[in-house]
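No lab work stands behind these numbers, since they all come straight from the coordinates. All figures in this text were calculated on a predicted structure; none of them were measured in a lab. Please note: Cβ atoms are built from the backbone with ideal geometry, for glycine as well, and neighbour counts cover all protein chains shown.
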Amino acid sequence: MKTSREAVGGVAEAWQLIGAEMEAQSDVHRAFANSLTEEVVRPLKTFVDKQHRVRKQVEGGVDKTGKKKFLSAEPTGVGRFLLRGYI
């Protein structure tokens with residue numbers, strides 16, 4: 001710490017040790033966060049993006065198939081009677 005570098009005595013030495021320890025811990029924390037980002041976050045983001053694209057393609061196919069079947073289906077129940085003019 002800047003202020004304790006020029007001071008003399010036990011308290012000043014304690015503050016210098018605390019400052020050095022905090023810097024060391026922050027370096028470890030920064031290195032861990034960077035490796036976590038590189039090894040976990042980015043691969044997961046890539047995986048999620050790929051799965052999203054695949055899901056959209058599958059959903060599009062399901063929607064198209066569902067619309068075709070719905071439009072080509074013979075009306076049943078009340079709908080059948082309405083189309084034929086019985087009701």
In whole Hz, with x marking every Gly and Pro, tabulate ³J(HN,Hα) for region 58-68 from phi via Karplus 6.51 cos²θ - 1.76 cosθ + 1.60, θ = phi - 60°. 5, 4, x, x, 5, 4, 5, 5, x, 5, 4
Could I have the simple spin-label model distance between Thr37 and Gln57, label points 7 Å from Cα toward Cβ, reported in nm to one decimal? 3.1
